[in-house]
Structures are given as structure tokens and as C-alpha cells.
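Below is one structure, written out as C-alpha cells, with a few remarks after it.
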Amino acid sequence: MADSTHAGPHSPGSRPLADAIGRLDLALAALEAALARRLDLDARRGDLETELSVMQDDRARLAADLDGALSRLERLELAASDVDRRVERAMGEIRAAIAAAEAGPRD
């Protein structure tokens with residue numbers, strides 16, 4: 001004799017339960033997909049934050065390098081200006097010596 005308290009897979013009460021289980025499976029799949037998307041977004045956000053931090057560090061390093069280069073350029077420009085003045089003065093003295101030598105001895 002079959003026990004009527006246990007509904008089999010083809011009994012009339014099993015269809016709503018199977019439908020509910022199907023809907024639950026779909027809801028769980030959607031939840032898992034949403035969680036996977038969220039984890040992926042969080043990972044990408046972390047990657048972007050890391051990349052931004054690296055870029056900020058690079059910017060700070062480049063700014064310091066630029067400041068150093070500008071300082072060296074200023075020192076070189078000052079040195080070049082000093083050398084230019086000395087060369088001009090030496091050239092003037094050489095011209096004067098040549099002119100004096102060409103003029104010959106004065107008696």
C-alpha cells in the first residue's frame with residue numbers, strides 16, 4: 001500500500017514545490033552573479049587605487065627631479081654668464097695687446 005503522506009515527484013502537490021525550488025535556484029544564481037560582479041568591481045577599484053597611488057608617487061618624484069634640474073640649470077646659467085664675462089674681458093685685453101704691438105714701440 002502506498003503511503004499518501006509522502007508526495008512523489010508526479011503527485012499533485014509536488015509541482016508548486018518544484019516551481020519554488022526552481023525560483024530559489026534562479027534567485028541564488030542571480031545572487032551569485034551579483035556577488036561575482038561586486039567582487040570584480042572591488043578588485044578593479046583596488047587596482048585603480050593602487051595605480052593612482054603609483055601615479056601620485058611618480059608625480060612627486062618627477063616634480064622633485066624637475067626642481068633639481070631647474071636648480072642645476074640656474075647654476076649652469078650663472079656659470080655660463082660668469083665665463084662669458086671673463087672671456088669678453090680676456091678678449092678685450094688681447095685686442096688691446098695686439099693693438100699695442102701693432103702700433104709698435106713709441107719713442
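The values are calculated or read from the model by the stated rules, or taken from the named source; none is laboratory data. Computed from a predicted model, the values in this text were never measured in an experiment. Cβ coordinates were reconstructed from backbone atoms using ideal geometry, including for glycine residues, and neighbour counts include every protein chain displayed.
Can you find a residue in the range 28-39 that is surrounded by 10 or more Cβ atoms within 10 Å (Cβ to Cβ), at negative phi and within 22 Å of the chain's Cα centre (by Cα)?
First pass over the range 28-39, keeping only residues surrounded by 10 or more Cβ atoms within 10 Å (Cβ to Cβ): 28-39.
Those still in the list that are at negative phi too: 28-39.
Narrowing further to those that are within 22 Å of the chain's Cα centre (by Cα): none.
For the range 28-39, residues surrounded by 10 or more Cβ atoms within 10 Å (Cβ to Cβ), at negative phi and within 22 Å of the chain's Cα centre (by Cα): absent.
Checking the structure you have, find out if any residue of the range 85-102 is charged (D, E, K, R), at pLDDT below 95 and either assigned to a helix (DSSP H, G or I) or loosely packed, with under 10 Cβ neighbours inside 10 Å (or both). Step through it out loud before you land on a result.
Of all residues in the range 85-102, those charged (D, E, K, R) come to 85-86, 88-89, 93, 95, 102.
From the residues that got through so far, the ones that are at pLDDT below 95 too are 102.
Subset that is either assigned to a helix (DSSP H, G or I) or loosely packed, with under 10 Cβ neighbours inside 10 Å (or both): 102.
Yes, the range 85-102 contains a residue that is charged (D, E, K, R), at pLDDT below 95 and either assigned to a helix (DSSP H, G or I) or loosely packed, with under 10 Cβ neighbours inside 10 Å (or both).
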